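Novice: My structure is below; once you've seen it, I'll send some questions.
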Amino acid sequence: MEPPQEPAAGTRRRRRRGGGKNRRKSSSSQQAPLTAAAPPPPSSPPAKRRRKAGADQVAAKPKMGNTASLLDKMRARLSGGHFRMLNEKLYTCSGQDAFDYFKDDPNLFDVYHSGYHEQMSHWPEQPVNVIISWLKSHNASWTVADFGCGNAAVAKNVKNKVFSIDLVSDDPSVIACDMAHTPLEPSSVDVAIFCLSLMGTNYPSYLEEANRVLKPSGWLVIAEVRSRLDPNTGGADPEKFSEGIIQLGYSLVLKDAKNKMFILFYFRKKEKSKVVKNIDWPQLKPCLYKRR
Ligand code: SAH
């Protein structure tokens with residue numbers, strides 16, 4: 001009896017004999033692997049010419065390489081376009097709509113994040129790394145909530161306990177939800193982070209949620225794309241944005257605008273604060289990436 005791996009060799013033997021008659025007689029389940037492994041072209045040249053064609057194929061290899069790189073370029077262009085479409089969607093819909101959208105097709109989240117990381121690779125400095133350094137230079141016993149964590153870089157790089165929150169999760173440590181409504185307890189975290197994640201049209205509701213879960217004297221750290229907060233290019237007035245957060249019950253401790261691509265705000269929640277209702281939040285301009 002033949003060992004279990006042998007049937008493949010048997011298949012090869014049958015294929016070499018390869019008469020049309022045999023093939024016609026075989027069942028469809030036998031035929032499928034034969035067809036998949038060696039599809040005979042409809043006008044197969046005789047053996048001699050086939051060998052010559054093989055030699056030509058070797059000589060033509062650079063052309064195949066060109067085709068492959070052209071295909072790669074086309075694929076990259078398509079996925080770049082797909083990323084820009086998803087990015088625009090996230091900036092122009094509510095958090096709830098974004099949550100429902102990605103829930104229907106979680107693979108889109110991977111498309112979004114590979115495009116996002118490609119874009120970010122062109123930035124001289126990553127805002128998330130600045131925030132990680134800031135956290136490392138403070139208290140490792142602080143509990144952190146990372147709103148819109150992406151690939152959870154914060155949790156992966158600090159000793160603190162971090163609640164990582166995003167729309168989709170294939171990582172059990174990431175809480176998948178619309179961050180306007182998290183399952184975190186009230187007054188339970190020392191630091192709330194929004195690193196390039198105030199994307200939805202209802203972004204003030206994310207800040208209100210952070211306010212609910214932050215302890216008194218807790219830190220609210222926000223990094224945003226510079227152009228979204230640049231009135232000279234149609235962005236919001238950064239003073240008006242800060243003013244909204246101050247009215248929510250915070251003091252602005254530091255505004256770091258030295259980076260070319262992003263602005264960082266470090267707010268601290270007041271011990272006791274009277275929350276102003278109907279805060280006049282500025283609209284944040286969507287951050288649309290250019291085709292490279
Ligand atoms: N903070 C990460 C990722 C930034 S990309 C980093 O700096 O690397 C912005 C992230 O915010 C995306 O992963 C997006 O899915 C998430 N996000 C946007 N709106 C959200 C919402 N309503 N609820 C949860 N996550 C949201």
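Novice: Taking PRO172 and the conditions (1) surrounded by fewer than 15 Cβ atoms within 10 Å (Cβ to Cβ); (2) part of a helix (DSSP H, G or I); (3) modelled with pLDDT under 95, which numbered condition does it fall short on, given that it satisfies the others?
Specialist: The single condition PRO172 does not satisfy is (2).
Novice: I would also like to ask the following. Of everything in the range 148-166 that's among the hydrophobic types (A, V, I, L, M, F, W, C) and near the ligand (Cβ under 7 Å from one of its atoms), which residue is surrounded by the fewest Cβ atoms within 10 Å (Cβ to Cβ)?
Specialist: Going through the qualifying residues, I end up with ALA153.
Novice: Given (1) in contact with a helix residue (DSSP H, G or I) (Cβ under 8 Å, 6 or more places away or on another chain); (2) buried (at least 19 other Cβ atoms within 10 Å of the Cβ); (3) of a type outside the set (Phe, Trp, Tyr); (4) under 13 Å from VAL213 (Cβ atoms), identify the lone condition not met by HIS181.
Specialist: (2)
Novice: So ARG77 clears everything in (1) at pLDDT below 90; (2) within 14 Å of the chain's Cα centre (by Cα); (3) surrounded by fewer than 17 Cβ atoms within 10 Å (Cβ to Cβ) except one condition, right? Which one?
Specialist: (2)
Novice: Check TYR91, TYR112 and return the single one that is closer than 18 Å to PRO286 by Cβ, at pLDDT 90 or above and in contact with a helix residue (DSSP H, G or I) (Cβ under 6 Å, 6 or more places away or on another chain).
Specialist: So the residue among TYR91, TYR112 that is closer than 18 Å to PRO286 by Cβ, at pLDDT 90 or above and in contact with a helix residue (DSSP H, G or I) (Cβ under 6 Å, 6 or more places away or on another chain) is TYR112.
Novice: Please enumerate the residues belonging to the range 107-130 that are farther than 21 Å from LEU288 by Cβ, surrounded by fewer than 15 Cβ atoms within 10 Å (Cβ to Cβ) and within 11 Å of the ligand (Cβ to nearest atom).
Specialist: Result: ASN129, single match.
The values are calculated or read from the model by the stated rules, or taken from the named source; none is laboratory data. What you are looking at is a predicted structure, and each value in this text was computed from that prediction instead of being measured. Virtual Cβ from ideal backbone geometry, glycine too; neighbours counted across all protein chains shown.
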